[in-house]
Structure formats: structure tokens, C-alpha cells
1. On C-alpha positions alone, give me the angle between the axis of helix 124-137 and the longest principal axis of the chain, in degrees, nearest 10.
2. Residue farthest toward the positive end of the dipole of the chain, with Cβ of Lys/Arg at +1 and Asp/Glu at -1: which of Phe451, Gly229, Ala399?
3. Can you pull out the trypsin sites (Lys or Arg not before Pro) in the stretch 215-316 whose DSSP state is coil and whose Cβ has at most 12 other Cβ atoms within 10 Å?
4. Give me the 1.4 Å probe accessible area per residue for the chain, excluding ligands and nucleic acids, in Å².
5. Can you give the accessible area of Thr492 in Å² (nearest 10), computed on protein heavy atoms with a 1.4 Å probe?
6. For Glu454 and Ser142, what is the calculated FRET efficiency with R₀ set at 41 Å and r taken between the beta-carbons, to the nearest 0.05?
7. Does the stretch 184-502 classify as rounded, prolate or oblate by the C-alpha gyration tensor (a ≥ b ≥ c root eigenvalues; a/c under 1.5 gives rounded; else a/b over b/c gives prolate, otherwise oblate)?
8. Using the Cα gyration tensor of the stretch 377-496, with a ≥ b ≥ c the square roots of its eigenvalues, what is the shape: rounded (a/c below 1.5), prolate (a/b larger than b/c) or oblate (neither)?
Amino acid sequence: MINASELKLTAVSPDARRVAAGAVVVAVAQAKQGPRLLDSPLPKAESAALQDSLSSLGVTGAADEVVRLPATDSLKAGVLVLTGVGKISGETPDAETLRRAAGSAARQVTGIAKIVFALPAPTVDLAAAVAEGVALGAYSFSNHRSKAPEKGPLVEGVIATAASTHQALPAALRRAAVVGRAVRSVRDLVNTAPNDLFPESFANEVRTVAKPLPVKVTVYDEKRLEKDGYGGLMGVGKGSSRPPRLVKLEYTPAKASQHLALVGKGITFDTGGISLKPPANMHHMKSDMAGAATVLGTISAIAELGLPVRTTAWLCLAENMPGGNAARPGDVFTMFGGKTVEILNTDAEGRLVMADGLVAASAEKPDVVIDIATLTGAQMVALGRRTSGIMGDDGVRDALVEAATLSGETAWGMPLPEELRPALDSTVADLANAGDRNGGMMTAAVFLQEFVGEVDGQKIPWGHIDIAGPAFNDVAPYAYVPKNGTGAGLRTLLAFAERLAAK
Ligand code: BES
Ligand code: MN
Ligand code: ZN
């Protein structure tokens with residue numbers, strides 16, 4: 001399922017003309033006067049000649065514009081690639097602009113094993129951004145093809161940077177490689193067909209992933225879930241012949257002052273259940289486990305980087321099917337911890353499995369709990385395809401939004417208006433699983449909030465990320481984002497954990 005192919009990231013000085021590689025990528029910006037070639041290893045005269053011919057070549061420098069040209073003898077590589085950075089202010093693009101331009105080139109230039117990325121990235125941070133863009137952009141998924149693709153993957157990305165000998169660069173490149181591998185693993189899981197990926201096989205894959213890492217795995221099977229009273233997971237999973245699982249991962253470094261709990265929605269396929277979804281694009285609902293894949297990728301990256309943050313990840317895995325034993329609208333579930341929920345719509349299943357996960361996570365009294373889920377269609381109505389919705393306690397929410405911005409992910413903080421809560425009142429149980437459709441993303445978060453535990457009468461600080469749109473790209477690829485599974489949210493969670501480590 002996960003293709004753990006390694007991508008090597010190395011660095012050389014900006015004068016990278018003689019590096020033995022298949023191609024050299026340089027950047028073009030969209031200036032007022034027209035396309036402008038940015039700092040590159042090309043000899044002065046060649047650079048001037050290329051600058052003069054950019055317009056007639058039809059190059060504009062727009063973001064995602066990637067043009068291949070034959071290289072001259074001044075380069076050892078045979079191909080010169082121009083990648084657009086779009087409009088920039090000043091001489092050097094910012095980190096995310098570089099990440100996207102490098103990523104777009106890595107995504108579009110396929111079939112070349114070793115590529116030099118000679119974008120203007122004079123500092124460790126900017127070189128790391130280029131490296132990360134490369135690691136995110138170089139992705140393809142062919143696990144379900146009968147033949148391996150003819151064009152092989154990128155094997156080595158060489159980052160040309162004035163910081164090539166800086167003592168902090170090796171760690172920064174290593175982080176970029178770890179982030180890239182983690183994000184690609186999320187995409188692989190999301191892209192895996194739902195007949196292959198179901199709760200039990202997902203749990204087995206988790207064991208494989210964790211084996212080489214200092215991470216302990218505990219899998220709760222359906223007998224244990226039933227016995228312990230995980231009514232959300234069991235109730236949602238009832239309609240499927242493939243029973244639910246709760247997977248707990250624990251990373252416990254020696255020097256940790258903070259305990260971070262992560263909870264991920266892992267509906268391996270969401271038909272809607274008896275409240276069946278319409279057929280159009282139902283196959284996209286194989287991506288409804290993206291939250292679980294993301295917390296798996298995040299804790300793996302945290303462990304690989306050796307961050308001094310105790311981390312526990314909970315993967316809430318179930319398949320939402322309309323089988324003969326499926327839950328009915330009107331059923332009442334008793335969730336883990338004892339709260340009862342009346343099911344008004346079996347398609348609002350994510351909040352039910354997440355509720356069990358949040359209660360289980362809270363029982364360990366972590367310092368902060370963050371959940372991530374493809375939770376609501378309303379997320380896309382509110383924020384569109386690319387922008388995640390971040391909710392929760394004000395402090396955690398704002399810290400998550402900051403972490404998103406810092407890592408180059410698009411997210412927006414949303415409120416949890418009190419007036420949404422009464423609509424979740426049930427006439428028979430403690431709570432109903434569906435409320436006001438207006439503000440449906442926030443309604444779902446208000447539901448989850450009910451299941452966040454307390455420590456000494458104080459609510460555990462909590463954050464919630466809705467990635468319904470951003471997790472799966474069903475339109476054209478862009479920047480370092482491929483079609484289908486994207487891995488959205490992982491970099492935000494990792495940046496949040498890194499900040500927690502610094503606390
Ligand atoms: N998995 C869906 C949310 C979703 C929709 C994710 C589209 C990605 C793309 C979730 O389980 C769901 O069906 N939510 C319902 C909730 C409603 C019934 C209260 C929704 O958003 O329609
Ligand atoms: Mn659903
Ligand atoms: Zn769902």
C-alpha cells in the first residue's frame with residue numbers, strides 16, 4: 001500500500017554547472033516588464049541571451065509554468081528547465097513560492113533520475129523549502145497498474161544554494177526528506193482502492209510502518225471495542241462485513257515535557273450507510289480515511305525526527321456501509337464513556353467514530369488533543385477545495401493556524417458559535433448526530449467538543465481540523481499537489497508538534 005521509495009536530497013554551491021545530472025531547473029518570475037530570469041548558475045552571457053528570448057519562447061514566469069529547453073555546453077546536464085514563480089516582490093521569492101515552483105518542476109519533469117534545482121535560495125530556510133517542494137512534488141501512484149510506469153521516479157534532488165556548507169543544512173534537508181516521505185505515505189493510503197484498504201488491512205499496514213520506528217502499536221479489534229463499549233466505532237461499522245478497528249500509536253521519548261494526542265478519522269469507505277450518498281463521485285469517499293493516514297504520517301515523522309514530544313495517535317477505523325445489519329436513522333448509540341447519541345443521519349458517521357477516539361485520547365490526560373478529519377461537505381461550501389477549516393479552543397486554534405501558515409498550508413480559523421449547540425439536542429438521547437445544516441462544518445465541531453475530556457475540572461485544550469476538501473484533489477494538479485490524495489494537514493500538525501517541543 002505504502003510505497004516507501006527513498007528520495008535523496010543533497011546540496012551544492014550555487015555555481016552548479018558541472019554537476020552530473022539529467023536536468024537543471026532555474027526560476028523565472030512574472031515581472032511588470034515581462035518574464036525575468038532569476039539568479040541562476042548560467043554564465044552571464046548565456047543568461048542574458050536567454051533573458052532576451054524568454055518572451056519569444058512564450059515563457060511568462062507564471063506559477064506552474066514549466067518549460068524544458070535543450071541545455072548548452074556550459075551545463076553538464078542535457079536539459080534546462082524553466083519553472084515559473086509567478087509575481088514576486090523583491091529579488092528572492094518567499095519560502096512557499098519556492099516550495100511550489102520547485103515542486104511544480106519536480107511534479108512535471110518526469111523520467112529524469114537526478115535533477116539540480118538551482119532556484120534563488122540563499123539561506124538554510126529557503127534551501128529547505130526548495131528541498132521540501134521537490135520531495136512533495138516528485139510523486140506518482142502506480143500500485144494498482146499492471147505494469148510499472150515507463151518513466152521512473154526522481155531518485156536524487158540536488159539543491160543549489162549559497163547555504164550549501166552551512167552547519168544547519170544537513171538537518172534541514174533531512175527534515176525535508178522525512179516530511180516528503182510522510183506526506184507521500186498519506187497520499188498512497190488515500191489512493192489505495194477501498195477493496196484493498198479496510199480497517200483490518202489498514203491496521204496491519206500501521207504495524208508495518210511502525211516496525212522500524214520507536215513507536216508502540218496497539219490494535220483494538222471488534223471484540224475489544226464491543227467489550228469496552230466503543231459504541232461509535234461499533235455502530236458505524238455494523239453495516240460492513242469488515243469490522244472496525246481502533247489503532248493506538250505511542251511515541252514516548254525520554255525528554256518530553258508535553259504530551260500531544262492526535263485523533264484521525266479513518267472511514268475507509270463512506271457510502272453514507274442507510275442515509276445513502278448519491279452515486280456521482282461516490283468513489284472519492286475512499287479518501288474518508290485521510291485524517292487517520294495523516295496522524296499516522298505525523299507520528300512517524302515526529303519519531304523519525306526524534307522530537308522531544310510525547311505523542312499518542314488514535315486511528316478511528318471503520319467502513320460505513322448499508323449492509324443488513326447497518327445502523328438505522330433513529331438508532332441510539334452509547335458512545336465510549338457513556339454518552340448516548342441518536343442517529344438522525346447515518347452519513348454523519350465521522351463524528352461518531354471521532355467521539356470514541358476523543359474520549360479514549362482524553363482518558364490519558366494529554367496536554368493538548370488535536371483531531372483531523374474529512375468531516376463535512378460543509379467545509380467545502382464554506383472554504384472551498386484548498387483551505388482547511390481550523391476550530392477548537394481559541395488558543396489551540398490560533399496556534400494551529402500559525403503552524404499552517406508557517407508550513408505553507410492553506411487554512412483558516414473558524415468560530416464555534418454557542419447557538420449551534422441546541423440544534424444537536426435529541427428528543428430521546430443526550431445528543432443527536434446532526435444539527436443545523438447552516439454552518440455544518442462548525443456544527444460538527446460543536447458535536448466533537450462534547451467528547452473532549454477534562455482534567456481536574458478543566459477542559460483539555462483541543463483543536464479540530466476539517467480537511468474534507470483539501471485532502472483529495474479531484475481537479476487539476478498544481479504546485480507540489482498531485483491529483484487525488486494530497487496529504488494536506490500533515491505539515492501543519494508537524495509544525496505544531498515542533499513548536500510544542502520548543503516549549
Ligand atoms: N465524509 C463525509 C464528508 C465529506 C464530504 C468529505 C465530501 C469529503 C467530501 C461525511 O461523513 C459526511 O457525509 N458528512 C455529511 C454530514 C451531514 C449528514 C450532517 C455531509 O457533510 O453532508
Ligand atoms: Mn458520511
Ligand atoms: Zn465520512
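The values are calculated or read from the model by the stated rules, or taken from the named source; none is laboratory data. Keep in mind it's a predicted model, so treat the numbers as computed, not measured. Here Cβ is always computed from backbone atoms with ideal geometry, including for glycine, and neighbour counts include all displayed protein chains. Protein only, heavy atoms only, side chains kept; ligands, DNA and RNA dropped before computing areas. Shrake-Rupley method; radii C 1.70, N 1.55, O 1.52, S 1.80 Å.
1. 70
2. Of the candidates, Ala399 comes out farthest on the positive side.
3. Details: sites: Lys216, Lys223, Arg224, Lys227, Lys238, Arg245, Lys248, Lys255, Lys265, Lys286, Arg310; in loops: Lys238, Lys255.
Answer by residue number: Lys255.
4. On the way: 20240 Å² over 503 residues.
Per residue, the chain has 40 Å² of solvent-accessible surface.
5. In the full protein context, Thr492 sits at about 10 Å².
6. Numbers: r = 48 Å, r/R0 = 1.17.
Using R0 = 41 Å, I get an efficiency of 0.30.
7. Values: a/c = 1.22, a/b = 1.19, b/c = 1.03.
In terms of gyration-tensor shape, rounded.
8. oblate
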